[in-house]
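Reviewing the structure listed below.
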Amino acid sequence: MSTLNRRDFLERTHRSAAGLAAGLTVLSDPRSVRATPANDRLALAMVGVGGGRGHSLAMGFLERGDCEIGYVCDVNRALHEPRAKEYASRQGGKRPKCVQDFREMLTDGAVDAVVIATPPHWHALATILCCRAGKDVYCEKPQSHNCWEGRQAVEAARKYDRIVQIGTQNRSAPYNLAAKRYLEEGKLGRIHLCRVHEQRHEANFRWGPDSAPPDTLNWDMWNGPAPERKYNQAIHSQWRQLWDYGGGQMAYQGIHQLDLARWLCGVDYPSGVYCAGGRFSTPGDAETPDTQSAVFEFPNLLMTYEQTLYTSYMLESDDGIRNGDIFPYWPQNATRIELYGDLGVMYVSRMGGGWQVYVRTKDRKPVVKDQMYGRYPDADHKANFVESVKRRKRPNADIEEGHRSLLLVHYANISCRLGGRKLRIDPQTERILDDPEAMGLFQRAYRKPWAAEDPV
């Protein structure tokens with residue numbers, strides 16, 4: 001058995017940059033692009049700081065020392081004071097400006113880049129508006145609400161020559177870069193099956209009574225391009241289970257594994273997609289599936305996605321795995337990817353879970369041929385974004401790649417909502433062939449004035 005570690009991989013990378021996939025960057029120190037003078041710091045605007053992820057991103061960028069937050073943009077002004085106070089305390093007392101409508105920030109030339117961490121029904125539209133205003137963007141996954149607006153956001157990034165990084169951190173993880181090189185060197189042989197898993201416990205919910213929105217919340221803007229509806233407190237925690245706002249668990253979490261799997265396999269568009277599923281486990285008001293199985297057909301490769309949200313015994317990699325020299329117990333790892341080559345099988349887990357390659361058993365005992373421990377890649381991904389902005393080069397998780405990966409989710413959900421109908425995909429246009437009903441879910445009807453324009 002051979003074991004690769006982070007240090008070995010980085011040393012090999014520095015000796016032979018040709019070993020990496022084109023356009024990817026690994027930094028031996030995620031803070032190595034730090035610029036200490038205040039006028040060299042990247043000025044960021046945070047859009048959406050109410051959820052845990054938006055605030056976590058803000059704190060992570062501030063921790064680097066070469067970024068500062070110039071704006072706190074959130075539709076709930078109750079968050080403005082506590083967030084501005086905390087961020088100021090971490091950037092020498094410099095207090096960010098606070099606005100409910102992030103568009104007020106777009107005309108400020110002092111803002112270099114925008115970090116978008118709203119619910120996903122806003123992601124593409126906010127990205128387009130920021131690119132149009134000349135801002136670079138770090139946008140949380142999922143990149144879009146539907147197929148059409150995802151491509152529009154890509155076009156905006158290209159038209160206005162903007163750096164747009166999607167928050168799929170696994171593309172910046174050294175252990176995943178090593179896994180990709182391992183596969184490209186043919187050490188697993190020819191791969192014809194890739195299985196992607198998203199298995200955990202996510203409860204259903206019941207709507208409470210509608211009510212007036214809090215005085216501090218601009219509910220109309222929170223709802224944005226989604227159909228008009230009355231305010232309900234449950235919306236803040238349950239949007240990901242509603243088709244108007246998200247794409248279910250596959251879009252919310254499964255996209256991490258699907259993006260990593262598509263990248264490792266080196267594939268782009270599927271020729272066919274079919275998906276079955278439903279809300280089987282517990283009754284409630286959630287619209288998106290708790291059980292889902294999808295098949296994506298690529299040339300000489302089948303990729304599958306399997307989801308169960310009633311399986312509390314399935315375990316996501318904890319901090320001991322993500323930042324320690326330990327591997328998951330693969331049969332119960334909630335977010336594993338299995339790549340079946342003709343020379344062995346590779347198990348990979350996202351967010352620091354590492355990877356192992358198994359070959360035929362010996363004396364009835366498992367044989368691990370190669371392996372590499374992982375580390376949580378959040379800092380690496382932020383470093384790559386900052387470096388990409390300063391050097392004006394495409395980031396590891398460029399918006400084009402984020403869009404192509406999320407198309408898998410959109411196609412699968414469309415198929416599932418149509419009863420498991422097989423979809424045929426045109427890779428040139430990304431459109432679904434010979435199926436007007438499926439194309440009816442390709443793009444949403446936008447509520448004015450929150451509409452993505454064509455052309456961007």
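Filter the stretch 311-356 down to residues that are among the β-branched types (Val, Ile, Thr) and farther than 18 Å from residue 262 by Cα and give me whichever is least open to solvent (accessible area, probe 1.4 Å).
Out of the qualifying residues, it is 311.
Taking residue 240, is it among the charged types (D, E, K, R) and in a helix (DSSP H, G or I)?
It is true that residue 240 is among the charged types (D, E, K, R) and in a helix (DSSP H, G or I).
Taking residue 183 as meeting all but one of (1) farther than 25 Å from residue 376 by Cα; (2) surrounded by 13 or more Cβ atoms within 10 Å (Cβ to Cβ), write down the number of the exception.
Here residue 183 clears every test but (1).
Kindly indicate whether residue 123 is without any contact (Cβ under 8 Å) to a residue 60 or more places away in the chain and crowded, with 22+ Cβ neighbours inside 10 Å.
Against the criterion (without any contact (Cβ under 8 Å) to a residue 60 or more places away in the chain and crowded, with 22+ Cβ neighbours inside 10 Å), residue 123 qualifies.
Is it the case that residue 217 is more than 30 Å from residue 47 (Cβ to Cβ) and open to solvent by less than 70 Å² (accessible area, probe 1.4 Å)?
For residue 217, the condition - more than 30 Å from residue 47 (Cβ to Cβ) and open to solvent by less than 70 Å² (accessible area, probe 1.4 Å) - is not met.
Working only within the stretch 418-443, note down all residues that are β-branched (Val, Ile, Thr) and free of Cβ contacts under 8 Å to residues at least 60 places away in the same chain.
The answer is 429, 432.
Take residue 212 and tell me if it is touching a residue at least 12 places away in the same chain (Cβ under 8 Å) and either within 30 Å of residue 122 (Cα to Cα) or open to solvent by 60 Å² or more (accessible area, probe 1.4 Å) (or both).
So residue 212 fits the description; yes.
Can you tell me which of 117, 88, 157, 110 is among the aliphatic types (A, V, I, L, M) and open to solvent by 40 Å² or more (accessible area, probe 1.4 Å)?
Of the residues listed, the single one that is among the aliphatic types (A, V, I, L, M) and open to solvent by 40 Å² or more (accessible area, probe 1.4 Å) is 110.
Would it be correct to say that residue 188 is in contact with a strand residue (DSSP E or B) (Cβ under 8 Å, 6 or more places away or on another chain), in a loop (DSSP other than H, G, I, E, B) and of a type in the set (A, V, I, L, M)?
yes
Is it the case that residue 197 is over 30 Å from residue 388 (Cα atoms), outside any loop (DSSP other than H, G, I, E, B) and open to solvent by 50 Å² or more (accessible area, probe 1.4 Å)?
Taking the combined requirement at face value, the residue does not satisfy it.
So in the stretch 238-279, with the set limited to residues that are of a type in the set (D, E, K, R) and open to solvent by less than 10 Å² (accessible area, probe 1.4 Å), which one is farthest from residue 340 (Cα to Cα)?
It comes out as 259.
Identify, please: which residue in the stretch 280-300 is in contact with an Asp or Glu (Cβ under 9 Å, 6 or more places away or on another chain) and surrounded by 23 or more Cβ atoms within 10 Å (Cβ to Cβ) and is, among those, farthest from residue 237 (Cα to Cα)?
Only one residue fits best here, namely 294.
Considering each residue of the stretch 423-445, count those that are open to solvent by 20 Å² or more (accessible area, probe 1.4 Å) and in contact with a helix residue (DSSP H, G or I) (Cβ under 8 Å, 6 or more places away or on another chain), and give that number.
4
Return the pair list, or none, for Cβ contacts closer than 7 Å from residues in the stretch 133-156 that are on the phi > 0 side of the Ramachandran plot to residues that are of a type in the set (Ser, Thr, Tyr) and open to solvent by 10 Å² or more (accessible area, probe 1.4 Å), at least 6 apart or on different chains.
134/160
Could you check the stretch 53-69 and list, in sequence order, the residues that are within 18 Å of residue 118 (Cβ to Cβ) and surrounded by 19 or more Cβ atoms within 10 Å (Cβ to Cβ)?
Correct list: 54, 55, 57, 58, 61, 69.
The values are calculated or read from the model by the stated rules, or taken from the named source; none is laboratory data. None of these values were measured; they are calculated from a predicted model. Here the Cβ is made from the backbone with ideal geometry for all residues, glycine too, and neighbour counts use every protein chain on show. Ligands, DNA and RNA are stripped out before the accessible areas are found, and what is left, the full protein with its side chains, is counted by its heavy atoms. Shrake-Rupley method; radii C 1.70, N 1.55, O 1.52, S 1.80 Å.
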